[in-house]
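The values are calculated or read from the model by the stated rules, or taken from the named source; none is laboratory data. Note that this is a predicted model, so its numbers are computed, not measured. Cβ coordinates were reconstructed from backbone atoms using ideal geometry, including for glycine residues, and neighbour counts include every protein chain displayed.
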Amino acid sequence: MGTRTADMMRFWRTHASRLITLFLLLPALAGFFGLFFYPMLLTVILSFRPEGQAIGWTLENYTRFLADPDGRWVILLTFILSLGGTALSVLLSVPLALILREKVRGHRFYRLMVLVPLVVPGLIGALGLLLFWGTRGWFNLFLLQFVPFVQRPVAVNYTMHGLIMFYVWLYFPYTCITTLSSLESLDRSIEEAGEVSGATRWQVLRHIVLPLITPGILAGSVLTFMAAFGAFSVPLIAGGNYRPLAVEIYKQISVPIPARWSAASAIAIVMGVLQVIFLSLYMRFVRRAGGTGGPS
Amino acid sequence: MTDVTIEFRDVSKRYGTLVANDHLSLAIRKGELMTLLGPSGCGKTTALRCLTGYIRPDEGRIFIDGQDVTDVPTHQRELGMVFQNFALFPHMTVQDNVGFPLMIRNLSKAERAQRVAQALRLVRLEGYESHYPRQLSGGQQQRVGLARALVYRPKVLLLDEPLSNLDAKLREEMRFEIKEVVTRLEITAVYVTHDQAEALALSDRVAIMNRGRLEQVGTPEEIYEHPQSRFVAEFIGLSNFLEGYVQAVDGDTMVVSVGGLQMRIPVLAEAGPGQRVLLFLRPNEVELLRPDDPGGANVFDARVEKVTYLGDTLDYRLTFGQGLTLRVQSDAQRRFGQGAPVRLRFPRVRCWAITGN
């Protein structure tokens, strides 16, 4: 009898702990359902509804977007902007991070400066950039005034290269921080060993430092890329005719009357699927690139 | 001075107010293993970094093979170095790690492979070529480090506390291995450590450093037998120090009064009567006698305060005279219990004059 009581006690104990777990999970589950699952489900359903109707199923929203050269251009543009912005940010981050880790005079100040774009709201930053780089901004005033052979203002705003530059401004802090943290996790004596072995600073950088920080930079740049892929406010006000996916979706529900919710939903789903596919490919690539260090 | 490979000439390095190297002058002979020994912060690592060129001294010059290298960048100094934390390249195999210095020197692939194989044979790591550093044990990693440092036959081998990240047993094993390799290659080596046992076992000569200065340079025997300062005596081996003053000088012996006792010791040239002196005794250089053994010169009665059993020896803490304490180690043949009366005989007492206050 004693064992039966003990068994029951044990049973209740496990049962109770499961109940408590469930109870503690409830808020998160409710949040997940209300904030994520339900809107997602609604978007998926909407994307398959004929425009403006509450019933019926159609693939038209997808086919119209994907068959349209403009639609495919939007997708390509989004990739160009986000990949270009991320790649340029990384390329700029490496030399800067190499300088910042040396604890040069005032390195704390420079570190803070790198973070400024994180603190300034993207919208305000973009407005400032538009003013600075505009045909009558300081940049062009300087060119016209002091640089010979410049007869007319150089177009930056509302161009592709200008937009990529704005992306770099916006996402540079992320890549710089990840690069710096990869660099700082390196053991300096490894570099010393390289130099004592006869390698110049440059050879140490090429054969030792860069191979060692690349996996970290690539992994960190995924986040930057994802953020850039979904960029909205900066391309909205500074993109002109260059509209990446997020802006295109917004256009669908803000410009036409009545708003084209189904078209917007379909583009949103396309965007999400592209993002997931790209992320998984990228992660696989990063894992392979990071795997040069052999099994860990 | 053709047999000098490395020379520090009046080298100083300061960090703010901290003086890491204070007018350091030291010559290291060709083919010798010189240890820089001292407590942490004594400047031994700074001295080594000045030699690699990783730190530039504020003053003084450094010579390798007669050439002033003070302004020669690290990568042109033709050094080999073994690091405390191994500092292997984690993204390269053992083969590539050891071959790195050769790759940098643009040796052909075939010659590289041959010299790497030779270096790995030297440290008994054949068959590990395709392993990555993290797949190796600490001892194996350090052997890879040694192979990498030796593979291009550098002028000088530097070892920066190479054994302190290994466990005690392995440390002793590696000690002999390093010694053997260095001896076989007849390479000049500079070894930095804070472990005095390591220094005594390995070195041809030891340079003891304290607060950025050289305290004493000599063979392990000289350092142990004839320490020239209290710091050296304390740092190397166990020591007892007793303070007293010279009562009388009598030919080549002098009488020193210590805690109310008279000790007769060889005369100290600079010590006249009244001179305060510091006596220094190794714990294993004191004889323990039975209380009924005959007395004589430098024989005193004492009492055992504490005994610790150490296996092959017994470690006694004794009191004698007026409040004098002494640590004595003797073999376990003759035992005295706690509180037992004993007799001490000092066959050999070393002594320095205390100057200043």
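Being assigned by TED's automatic domain parsing to the domain that holds B:V182, crowded, with 20+ Cβ neighbours inside 10 Å, basic (K, R) and over 21 Å from the mean Cα position of the chain (by Cα) is true for just one of B:K44, B:K13. Which residue is that? Steps first, answer last, please.
Working: B:K44 fails: over 21 Å from the mean Cα position of the chain (by Cα).
Only one candidate qualifies: B:K13.
Give the residue that is farthest from the other protein chains (Cβ to nearest Cβ), with candidates limited to residues of the range A:160-199 that are among the polar types (S, T, N, Q), over 22 Å from A:A227 (Cβ atoms) and in contact with a Gly (Cβ under 9 Å, 6 or more places away or on another chain).
Residues of the range A:160-199 that are among the polar types (S, T, N, Q), as a first pass: A:175, A:178-179, A:181-182, A:185, A:189, A:197.
Checking which are over 22 Å from A:A227 (Cβ atoms) leaves us with A:185, A:189, A:197.
Filter once more, so that each one left must be in contact with a Gly (Cβ under 9 Å, 6 or more places away or on another chain): A:185, A:197.
Numbers: A:S185: 11, A:S197: 4 Å.
Out of the qualifying residues, it is A:S185.
Of these, A:L83, A:L77, A:L115, which one is touching a helix residue (DSSP H, G or I) at 6+ places or on another chain (Cβ under 6 Å) and in contact (Cβ under 8 Å) with a residue 40 or more places away in the chain? Don't jump to the end; show me each part of the working.
Working: A:L83 fails: touching a helix residue (DSSP H, G or I) at 6+ places or on another chain (Cβ under 6 Å); A:L77 fails: touching a helix residue (DSSP H, G or I) at 6+ places or on another chain (Cβ under 6 Å).
After applying the criteria, what remains is A:L115.
Looking only at strands (runs of 3 or more DSSP E) that lie completely in the range B:30-130, which have at least 3 residues being within 13 Å of another protein chain (Cβ to nearest Cβ) and in contact with a helix residue (DSSP H, G or I) (Cβ under 7 Å, 6 or more places away or on another chain)? Talk me through it step by step, then tell me what you get.
Working: elements: B:33-37, B:59-64, B:79-82.
Fully inside the range B:30-130 and qualifying: B:79-82.
Please verify whether B:L318 is farther than 19 Å from B:A233 by Cα, aliphatic (A, V, I, L, M) and part of a strand (DSSP E or B), treating the condition exactly as stated. Judged against the criteria, B:L318 is a match.
Here's the yes/no breakdown for (1) over 30 Å from A:A259 (Cβ atoms); (2) of a type outside the set (S, T, N, Q); (3) under 27 Å from the mean Cα position of the chain (by Cα):
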{"site": "A:T5", "(1), (2), (3)": "yes, no, no"}
{"site": "A:M8", "(1), (2), (3)": "yes, yes, no"}
{"site": "A:F32", "(1), (2), (3)": "no, yes, yes"}
{"site": "A:Y38", "(1), (2), (3)": "no, yes, yes"}
{"site": "A:E51", "(1), (2), (3)": "no, yes, no"}
{"site": "A:I55", "(1), (2), (3)": "no, yes, no"}
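In this structure, B:V181 qualifies as surrounded by 18 or more Cβ atoms within 10 Å (Cβ to Cβ), in contact (Cβ under 8 Å) with a residue 40 or more places away in the chain, assigned by TED's automatic domain parsing to the domain that holds B:A27 and out of contact with any strand residue (DSSP E or B) (no Cβ under 8 Å at 6 or more places or on another chain).
Considering each residue of the range A:248-265 in turn, at least one proves to be under 27 Å from A:V156 (Cα atoms) and touching a residue at least 60 places away in the same chain (Cβ under 8 Å). Residues being in a strand (DSSP E or B) and buried (at least 18 other Cβ atoms within 10 Å of the Cβ): count how many of those fall in the range B:263-286. Final tally of qualifying residues: 6. Only a single item in (1) touching a residue at least 60 places away in the same chain (Cβ under 8 Å); (2) surrounded by 15 or more Cβ atoms within 10 Å (Cβ to Cβ) is not met by B:R348, and it is number (2). Could you check B:D195 against (1) away from every other protein chain (no Cβ under 14 Å); (2) buried (at least 18 other Cβ atoms within 10 Å of the Cβ); (3) within 18 Å of the chain's Cα centre (by Cα) and say which number it fails? Here B:D195 meets the rest and fails (2).
Only helices (runs of 4 or more DSSP H) whose full extent lies in the range A:75-147 are considered here, and the ones with at least 1 residues that are among the β-branched types (V, I, T) and farther than 14 Å from A:A238 by Cβ are A:107-119. Of all residues assigned to the range B:147-159, none qualifies as being over 25 Å from B:C50 (Cα atoms), out of contact with any Pro (no Cβ under 8 Å at 6 or more places or on another chain) and surrounded by fewer than 20 Cβ atoms within 10 Å (Cβ to Cβ). Among residues of the range B:64-86 that are more than 17 Å from B:R153 (Cβ to Cβ), those with a Cβ under 7 angstrom from a residue that is hydrophobic (A, V, I, L, M, F, W, C) and surrounded by fewer than 21 Cβ atoms within 10 Å (Cβ to Cβ), sequence gap 6+ or separate chain, pair up as B:V69/B:F63. Of all the listed residues (B:G66, B:G31, B:G38), the sole one being modelled with pLDDT under 95, buried (at least 21 other Cβ atoms within 10 Å of the Cβ) and touching an Asp or Glu at 6+ places or on another chain (Cβ under 9 Å) is B:G38. Just one of (1) surrounded by 14 or more Cβ atoms within 10 Å (Cβ to Cβ); (2) within 29 Å of the chain's Cα centre (by Cα) fails for B:V299. It is (2). Restricting attention to the range B:200-235, the residues that are surrounded by fewer than 23 Cβ atoms within 10 Å (Cβ to Cβ) and part of a strand (DSSP E or B) total 8.
So which of B:A199, B:A189, B:A248 is closer than 21 Å to B:K30 by Cα, touching a Pro at 6+ places or on another chain (Cβ under 8 Å) and either modelled with pLDDT of 90 or more or small (G, A, S) (or both)?
Numbers: B:A189 fails: touching a Pro at 6+ places or on another chain (Cβ under 8 Å); B:A248 fails: closer than 21 Å to B:K30 by Cα.
Step by step, each of B:A199, B:A189, B:A248 is checked, and only B:A199 is closer than 21 Å to B:K30 by Cα, touching a Pro at 6+ places or on another chain (Cβ under 8 Å) and either modelled with pLDDT of 90 or more or small (G, A, S) (or both).
Scanning the range A:15-54 for residues being farther than 24 Å from A:G272 by Cα and hydrophobic (A, V, I, L, M, F, W, C) gives a total of 8.
I need a count of the residues in the range B:328-345 that are surrounded by fewer than 19 Cβ atoms within 10 Å (Cβ to Cβ) and either in contact with a Leu (Cβ under 7 Å, 6 or more places away or on another chain) or at pLDDT 85 or above (or both). Steps first, please.
Kept after step one, since they are surrounded by fewer than 19 Cβ atoms within 10 Å (Cβ to Cβ), are these residues of the range B:328-345: B:329-335, B:337-341, B:345.
So of that shortlist, the ones also either in contact with a Leu (Cβ under 7 Å, 6 or more places away or on another chain) or at pLDDT 85 or above (or both) come out as B:329-330, B:332, B:334-335, B:337-341, B:345.
Total satisfying the criteria: 11.
Please verify whether the range A:252-263 includes one or more residues that are part of a loop (DSSP other than H, G, I, E, B), more than 27 Å from B:Q84 (Cβ to Cβ) and either touching a helix residue (DSSP H, G or I) at 6+ places or on another chain (Cβ under 8 Å) or of a type in the set (D, E) (or both). Scanning the range A:252-263 turns up at least one residue that is part of a loop (DSSP other than H, G, I, E, B), more than 27 Å from B:Q84 (Cβ to Cβ) and either touching a helix residue (DSSP H, G or I) at 6+ places or on another chain (Cβ under 8 Å) or of a type in the set (D, E) (or both). Only residues that are out of contact with any helix residue (DSSP H, G or I) (no Cβ under 7 Å at 6 or more places or on another chain), more than 28 Å from A:A97 (Cα to Cα) and buried (at least 18 other Cβ atoms within 10 Å of the Cβ) were counted in the range A:135-181, giving 1.
Would you mind finding the one in B:T325, B:T319 that is out of contact with any Asp or Glu (no Cβ under 7 Å at 6 or more places or on another chain), of a type outside the set (A, V, I, L, M) and at pLDDT 85 or above?
Numbers: B:T319 fails: out of contact with any Asp or Glu (no Cβ under 7 Å at 6 or more places or on another chain).
Sole residue among the options that is out of contact with any Asp or Glu (no Cβ under 7 Å at 6 or more places or on another chain), of a type outside the set (A, V, I, L, M) and at pLDDT 85 or above: B:T325.
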